[in-house]
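Here is the structure we will look at.
The values are calculated or read from the model by the stated rules, or taken from the named source; none is laboratory data. This one's a predicted model, so the numbers in the text were calculated from it and none came from an experiment. Here the Cβ positions follow ideal geometry from the backbone for every residue, glycine too, while neighbour counts run over all protein chains shown. Remember, those area values only see protein heavy atoms, side chains included, never the ligands or the DNA or RNA. Shrake-Rupley method; radii C 1.70, N 1.55, O 1.52, S 1.80 Å.
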Amino acid sequence: MKKRDLYEVLGVERSATAEQIKKAYRKKALEFHPDKNPGDKAAEDKFKEAAEAYEVLGDADKKARYDQYGHAAFDGAGGFGGGGHHMNMDDIFSQFGDIFGGAFGGGFGGGFGGGGGQRRMKGGNLRIKVKLTLEEIANGVEKKVKVKRKVQAQGVTYRTCPTCHGSGQVMKVTNTILGRMQTSSPCHSCGGTGQMIDSKPNQADAHGMVMEDETVSIKIPAGVVDGMQLKVSGKGNDAPGANSIPGDLIVVIEEVEHEFLKREGENLHYDLYISFAEAALGTSKDIEAIGGKVRIKLEEGIQSGKILRLKGKGIPSINSYGNGDLLVHVNVWTPKNLSKEQKQFFEKALTDDNFIPKPEKTDKSFFEKVKDMFS
């Protein structure tokens, strides 16, 4: 099923400011909130869709990636999200409660129609860099990385907070000129979770957490770019509490520079150096390409600066639009040290008609070649 454009979901222009996007999300969320639409599955789906859209457009980095790559920026396998992934109601309430302020009883709670109340704590995100070769980027790859993350210690138990009695909220009544006003705020004793540690093993910290090494498998799709961030859901730090949810693992792509090939988007560039003799007589050359060497034929009389385009020999598009090309830049190498006989040969060539430059219309200028390269 084709995913809707996120700007269309929130009803804003692509040029909308962060404040306009936030305001549009609040409006949609209040319109389709389950408390206002009990039992309405269509409203619930629109509520979730709006939250998923805001998860991306409300974050400057994710928004930039979406603007450049669309939904494909978050479509990696293996639990990748970071936008466009399916969210449950707990995700929405835990991540976006601050959007709504005092609506629905002082802030959304941890479920449907609960009004204010106990919050589900979400653990912190972890961030790692993964280095990829050009070959791995071209083909896609599965990487296994060791991550040190906080998890709840075995044997830790929790009890209901005696201050808020498990609600996660404390009520305060104040007298004003308009009468008595009742407000709620997160419980200071338990941080709004409604729970406190009952018992914990000695090796655990004050929150009942311990550090643990875990090997995480990451499936990276073909066509990623340097600096792109992918998300592995649920592989960040755990949070305290019986009903907590773990944070996410943010994977930052770092591209390792290739020895011969230079990347530009989906296209690759290769500098090929040939001699005067090879340029004049023509030759065949083996050049570097993704997946192995490729043999190309150079016609006799080829000019320095000629660009040969090998269709489909570049990097796959992350949006599945096909592969880029491999552009071979021909450079005729001028020798710096000549023997006496070689100098005599070139001195005679100075007055030879065959050696006088006579560019034809088909011999494009440097600027025309650059224009063709980017077209």
Simple spin-label estimate for Asn202 and Lys343 in nanometres, 7 Å along Cα-Cβ: 8.8
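Based only on Cα atoms, what Rg/Rh ratio does segment 168-280 have, Rh being taken as Kirkwood's radius? Write out the running numbers ahead of the final one.
Working: Rg = 28.1 Å, Rh = 20.7 Å.
Reported Rg/Rh (Cα atoms, Kirkwood Rh): 1.36.
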Starting from the Cα gyration tensor of segment 157-199, take the square roots of the eigenvalues, sort them a ≥ b ≥ c, and report rounded, prolate or oblate (rounded when a/c is under 1.5, otherwise prolate if a/b is larger than b/c, else oblate). prolate
Please name whichever of Ile356, Gly322, Thr283 sits farthest to the positive end of the charge dipole of segment 261-374, dipole taken about the Cα centre and charges placed at Cβ: Lys and Arg +1, Asp and Glu -1. Gly322
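Under the 0.36 nm per residue contour assumption, what length would be gained going from the current alpha-carbon distance of Phe355 and Val145 to full extension? Don't skip to the end; give the middle numbers.
On the way: separation 210, 0.36 × 210 = 75.60 nm, distance 5.97 nm.
That pair, Phe355 and Val145, stretches by 69.6 nm at full extension.
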Which of the residue pairs Lys122/Lys150; Lys63/Lys144; Lys22/Lys63 have a Cα-Cα distance greater than 20 Å in the structure shown? Lys63/Lys144
With x for Gly and Pro, the residue-by-residue ³J(HN,Hα) of segment 181-187, computed from phi through the Karplus equation 6.51 cos²θ - 1.76 cosθ + 1.60 at θ = phi - 60° and given in whole Hz, is 10, 10, 10, 10, 8, x, 5
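Using a Förster distance of 45 angstrom, determine the FRET efficiency expected from the C-beta separation of Tyr273 and Glu214, and round it to 0.05. Working shown, then result.
Working: r = 49 Å, r/R0 = 1.08.
The formula returns an efficiency of 0.40 here.
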Counting sequence-distant residues (5 or more places) and residues on other chains, those with an amide H built under 5 Å from that of Ala153 are Met209, Val210
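Give me the extension gain from Ile307 to Arg295: residue separation times 0.36 nm, minus the current Cα-Cα distance, reported in nm with one decimal.
Numbers: separation 12, 0.36 × 12 = 4.32 nm, distance 1.53 nm.
Extending this stretch completely gives an extra 2.8 nm.
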By how many nm would the segment from Ser15 to Ser317 lengthen if fully extended, with 0.36 nm per residue of separation less the alpha-carbon distance? 106.2 nm
Taking θ = phi - 60°, what integer Hz values does the Karplus form 6.51 cos²θ - 1.76 cosθ + 1.60 yield along segment 279-290, in sequence order, with x for Gly and Pro? 5, 6, 8, x, 6, 10, 9, 8, 10, 6, 8, 5
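Calculated FRET efficiency, Gln229 and Trp333, Cβ-Cβ r, R0 45 Å, to nearest 0.05? All intermediate terms of the calculation are to be shown ahead of the outcome.
Details: r = 42 Å, r/R0 = 0.94.
Between Gln229 and Trp333 the formula returns 0.60.
Explain nothing, just the number: relative contact order of segment 261-374, from Cα pairs under 8 Å at least 6 residues apart, as a whole percent. Walk me through the numbers before you get to the answer.
Details: 166 pairs, mean separation 29.7, N = 114.
Relative contact order comes out at 26 percent.
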What's the percent breakdown of Cα-Cα distances in segment 135-175 across 5 Å bins, shortest bin first? 5, 12, 10, 9, 11, 8, 7, 8, 8, 8, 7, 4, 2, 1
Using a 1.4 Å probe, how large is the accessible area of Thr193, given in Å² and rounded to the nearest 10? 10
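Would you mind estimating how fast segment 261-374 diffuses translationally, via Stokes-Einstein at 20 °C and 1.002 mPa s with the Kirkwood radius over Cα pairs, in µm²/s? Intermediate values should be presented prior to the final figure.
Numbers: Rh = 16.1 Å.
Translational diffusion coefficient: 133 µm²/s.
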Give the relative contact order (percent, whole number) for segment 193-295; include only Cα pairs under 8 Å separated by 6+ residues. 17
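First select every other residue whose beta carbon is under 12 angstrom from the beta carbon of Ser217; then total the charges, Lys and Arg +1, Asp and Glu -1. Kindly include the intermediate steps, with their values, before the conclusion.
Numbers: positive: Lys143, Lys144, Lys146, Lys219, Lys235; negative: Glu142, Glu214.
So the surrounding residues net to +3.
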Per residue of segment 135-152, what does 6.51 cos²θ - 1.76 cosθ + 1.60 with θ = phi - 60° give for ³J(HN,Hα)? Whole Hz please, x for Gly and Pro, Karplus curve as stated. 5, 5, 5, 5, 9, x, 7, 10, 10, 10, 10, 8, 10, 9, 10, 7, 10, 5
Under 5 Å from the placed amide H of Ile218, counting only residues 5+ away or on other chains, we find Lys143, Lys144, Val145
Quick calc of log₁₀ I(q)/I(0), segment 1-73, Debye, one scatterer on every Cα, no solvent, q values 0.21, 0.26, 0.27 1/Å, result -0.87, -1.18, -1.24
